[in-house]
Structure formats: C-alpha cells, structure tokens
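**Q** Just passing along the structure, written as structure tokens.
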Amino acid sequence: MGVSIDLSGKRALVTGGNRGIGRTIAERLAEAGADVAVFARSEESVAEAARALSERGVRGLALTGDVGSDADVERAWDTLMEEFGQLDILVNNAGITRDGLLLRMKPEDWHAVLDVNLTGAFRWSRLAARQMLRQKSGTIINISSIVGVIGNPGQTNYAASKAGLIGFSKSLAVEVAARGITVNVIAPGFIETEMTHALGEGAQAEFLSRIPLGKLGTTGDVADLAVFLASPMSDYITGQVICVDGGLTR
Ligand code: NDP
C-alpha cells in the first residue's frame, strides 16, 4: 500500500511559485489538496500559474510583488489573509544570482542578492510566524542551496544569502517550536531550471562530474521533500537542513 499525503484544508504560499522549483512545489502541494498562493514579480506568469493550480480543483491565488519590497510583501499578506484567512505552509523559494569574483563584485550585486534571498524570507516569515503562532500550527520551508553549506567561488553574495537562511531558520525554529510550528531548510544541489541553464555547459559538466548519483536533480526531487516537510509526517522534524543533491554534499 502506498503512502499518500493529504493536505486538504491547508493553505500554502510559495514565493517564486510561477516557475522553476517553486512552480513544481506549488503544483505538488496542490496535488496533495492544499490551496496555494503564488507570489512573484511577473504578473502574467503569476496569474497563469494560479489558474493552472485552480484547474487541479484547489484554490490558486495570484499575488504579484517583489520580495525585496516591504510594501509589496505587506500588501500581498493582506490580500492573502482576506482570501485564505490562514496560512499553514510558507515556502520561501524566490531567489536570484548576481555572480562574480569578490574583487569585481559591485556593491549593488551584493545588496540585491542578500535583499531578495535572505531579507525576502525575513519579510514573509515575520508576517507568517505571527499568524502561525496565533493558529498554534504551521510550517515554514526555506529554500537555501548547497552553496550555502559548502561555498562556491564566484558566489560569495549568493553563498552568504543561502548560509544566512540556514542560521535564520535554525534560530526561528527554536523561537516558534513551543507552539508546534516547524521551520526547515531544503538545500538543493544542481537542479535543472532556468537558473542552472544560465551557468553554461562547462560549469554544468563540472558539477555533473562531482555528483555521486551521476545525474542532475529535477524540480520534482525538491518538491517531493517540500510536500513531506509540509505534511504531518514530518511534525517531529525542525531546524534541519536537508540536502537534495545526489550525494554531492556529505
Ligand atoms: P528560477 O530562476 O527558475 O526562478 C526564480 C523564481 O524566483 C521565479 O519564480 C522568480 O519569479 C522568483 N523571484 C526572483 N526574484 C524575485 C523577487 N525579487 N520577488 C519575488 N519573486 C522573485 O530559479 P530556480 O527555480 O532554479 O530556484 C528557486 C530557488 O531554489 C532559488 O532560491 C534558488 O536559489 C534555489 N536553488 C536553485 C538551484 C538550482 O539548481 N536551480 C540549486 C540550489 C538552490 P519572477 O521573476 O516573476 O519574480
């Protein structure tokens, strides 16, 4: 007999849920029965993603905005509460890269990556944690990267943001644990998306040679773990960093 995860009656929000890893997470949460809101900047693609979620028989909600903006996140939060009235699952997935060696890195590229990848998660988590503390339930899943665990030349800004997310999550996990709220981190390795296509073939081949399982990951590999972490099956897991990387990080 298979194990099935039922998230019906749960309300989720996925930042960057309109494409890539976030899109697959949003779809799989919806497949498990959760209503899912998607928050990202591209209005049209956010609307399309929300429509596709609704076609699965759950409520899909489109929220347009920039995780780098306090005002956008607060406005989206108000709409989310008007429409959903509760939040059970927050997935902080929106992320960007602005790669370059440290000596050539422009301060604006440093600040942009930290502001989106790390402070974006702070903005959403602060509002969500307040609501979840009231509900006495909920889970927050932060999408970091193995680069935040092992580092990567040319990505000091990205690695700092992703390592920052880990420290943030471990600390928040303890702050909210007494009310039954869990906070965990998924650290994907090399997953096939637009972000990794942008790296070029040379870098891709180099990564591939270091992966013990001998293949790139899929967005589904990450999403399956997110669904597990969003489900009651993981109620006793908090403050953890789980790498989905084909064995690259050991
Ligand atoms: P993509 O580039 O495919 O998607 C990024 C998503 O984030 C988009 O939905 C984008 O939507 C959204 N986004 C970016 N900036 C903002 C912003 N300022 N405000 C709101 N939304 C924003 O990336 P992936 O799917 O590959 O990556 C998803 C997450 O997984 C990221 O955090 C990434 O760092 C992490 N990750 C990815 C790995 C990989 O191999 N692909 C490996 C390890 C970690 P829009 O442009 O419409 O705003």
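The values are calculated or read from the model by the stated rules, or taken from the named source; none is laboratory data. Just so you know, these numbers come straight off a predicted model, no measurement behind them. Ideal geometry is used to build each Cβ from the backbone, glycine not excepted, and the neighbour counts take in all protein chains shown. These accessible areas exclude ligands, DNA and RNA; they are computed on the full protein's heavy atoms, side chains included. Shrake-Rupley method; radii C 1.70, N 1.55, O 1.52, S 1.80 Å.
**Q** So, with a 1.4 angstrom probe, what is the percent of accessible area on the chain that is carbon and sulfur?
**A** Details: 6060 of 11780 Å².
After summing per-atom areas, the C and S share lands at 51 percent.
**Q** Given H placed on each backbone N at 1.01 Å, which residues far from Ile191 in sequence or on other chains put an amide H within less than 5 Å of it?
**A** Placed amide hydrogens put Gly217 under 5 Å from Ile191.
**Q** On average, how much accessible surface per residue is there in segment 1-146, in Å², for a 1.4 Å probe, leaving out ligands, DNA and RNA? Each step should come with its number before you reach the end.
**A** On the way: 6750 Å² over 146 residues.
Per-residue value: 46 Å².
**Q** Largest first, what is the accessible-area ranking of Thr119, Thr218, Thr182 with a 1.4 Å probe?
**A** Output order, biggest surface exposure first: Thr218, Thr119, Thr182.
**Q** Also, I was wondering about something else. Run the 1.4 Å probe and let me know the accessible area of Arg130, rounded to the nearest 10 Å².
**A** Estimated to the nearest 10 Å², Arg130 gives 120 Å².
**Q** Amide H neighbours of Gly33 under 5 Å, at least 5 residues apart or on other chains, H built in the peptide plane: list them.
**A** Amide H neighbours of Gly33, under 5 Å, 5+ apart: Leu7.
**Q** So which helices of the chain fit the span-like rule, where a helix is a whole DSSP H run, its Cα atoms reach 27 Å or more along the axis, and its mean Kyte-Doolittle is at least -0.5?
**A** Values: long enough: 156-176 (30 Å, 0.50).
Span-like helices in the chain: 156-176.
**Q** Would you rank Leu213, Leu133, Leu87 by solvent-accessible area, highest first, keeping every protein chain in place and using a 1.4 Å probe?
**A** Details: Leu213 125, Leu133 55, Leu87 0 Å².
Largest accessible area first, the list is Leu213, Leu133, Leu87.
**Q** Using a Förster distance of 35 Å, how high is the FRET efficiency between Arg56 and Leu213, based on the Cβ-Cβ distance and rounded to 0.05?
**A** Details: r = 30 Å, r/R0 = 0.86.
Once the sixth-power term is evaluated, E becomes 0.70.
**Q** If you take every residue apart from Ala71 with its C-beta less than 15 Å away from the C-beta of Ala71, what net charge results, scoring Lys and Arg +1 and Asp and Glu -1? Mind showing how you got there, number by number?
**A** Numbers: positive: Arg41, Arg75, Arg123, Arg126; negative: Asp66, Asp70, Asp72, Glu74, Asp78, Asp115.
In short, -2.
**Q** Under 5 Å between amide H atoms, partner at least 5 residues away or on a different chain: which partners does Cys243 have, H built in plane at 1.01 Å?
**A** Sorted by chain and number, the residues that satisfy this are Ala187.
**Q** Still on this structure, I have one more. Using 0.36 nm per residue of separation minus the Cα-Cα distance, give me the extension gain between Gln240 and Val3 in nm, one decimal. Kindly include the intermediate steps, with their values, before the conclusion.
**A** On the way: separation 237, 0.36 × 237 = 85.32 nm, distance 2.27 nm.
The span from Gln240 to Val3 would gain 83.1 nm if fully extended.
**Q** Which of Ser54, Thr79, Ile96 sits closest to the plus end of the dipole of segment 23-98, meaning its Cα is farthest towards the positive end, when Lys and Arg get +1 and Asp and Glu get -1 on the C-beta?
**A** So the residue furthest toward the plus end is Ile96.
**Q** If R₀ is 41 angstrom, what is the calculated FRET efficiency for the pair Gln86 and Glu192, using the beta carbon separation as r and rounding to 0.05? Don't jump to the answer; show the numbers that get you there.
**A** Numbers: r = 34 Å, r/R0 = 0.83.
Once the sixth-power term is evaluated, E becomes 0.75.
**Q** A further question on this structure: First check a/c for segment 102-197, with a ≥ b ≥ c the square roots of the eigenvalues of its C-alpha gyration tensor; if it is under 1.5, answer rounded, and if not, answer prolate when a/b is larger than b/c or oblate otherwise. Don't skip to the end; give the middle numbers.
**A** Details: a/c = 2.48, a/b = 1.95, b/c = 1.27.
Prolate, since a/c reaches 1.5 and a/b exceeds b/c.
**Q** Hey, another quick one. Quick check: Cα centre of segment 1-75 to Cα centre of segment 215-236, how many Å?
**A** That distance is 15 Å.
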